[in-house]
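**Q** Mind looking over this structure? Questions follow.
The values are calculated or read from the model by the stated rules, or taken from the named source; none is laboratory data. Every value quoted in this text rests on a predicted model; they were computed, and no experiment measured them. Cβ: placed from backbone, ideal geometry, glycine included. Neighbour counts: every protein chain shown.
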Amino acid sequence: MAWTELTRRQHAREGDKYASDLTDAEWASIAPFMPPPKTTGRPRTTSLRDVFNAILYMATTGCQWRMLPNDFAAGFDGTGLFLCLAQ
């Protein structure tokens, strides 16, 4: 498929920090499948959208969890949620 002005506008990712970040429409289709917050324990401090963006960034670039840029939650270890989503 050739890029035309119409398709460039449809697939533009303006305003995102990274090319792997989800758009609002993509997040709206994924959000219902995210695990609900637990009723006990501490409330979540990291948004699931940021976690999913970190997983997509890692899958796109091939970097390790500890090599994620500081734009993602500082000191964030998403392996637990990643394993939960993988099930």
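**Q** Give region 25-64 a look and list any residue that's in a helix (DSSP H, G or I) and touching a Leu at 6+ places or on another chain (Cβ under 8 Å), or say none.
**A** Keep residues of region 25-64 that are in a helix (DSSP H, G or I), which gives 25-33, 48-61.
Residues satisfying the conditions are Ile30, Ala31, Leu48, Arg49, Val51, Phe52, Asn53, Ala54, Ile55, Leu56, Tyr57, Met58.
**Q** Evaluate the following for Gly75: is it assigned to a loop (DSSP other than H, G, I, E, B), more than 13 Å from the chain's Cα centre (by Cα) and modelled with pLDDT of 85 or more? Before you say what the answer is, go through the steps one by one.
**A** On the way: assigned to a loop (DSSP other than H, G, I, E, B): yes; more than 13 Å from the chain's Cα centre (by Cα): yes; modelled with pLDDT of 85 or more: no.
Criteria not met by Gly75.
**Q** Could you please let me know if Leu22 is of a type in the set (A, V, I, L, M, F, W, C), assigned to a loop (DSSP other than H, G, I, E, B) and surrounded by 10 or more Cβ atoms within 10 Å (Cβ to Cβ)?
**A** Values: of a type in the set (A, V, I, L, M, F, W, C): yes; assigned to a loop (DSSP other than H, G, I, E, B): yes; surrounded by 10 or more Cβ atoms within 10 Å (Cβ to Cβ): yes.
Criteria met by Leu22.
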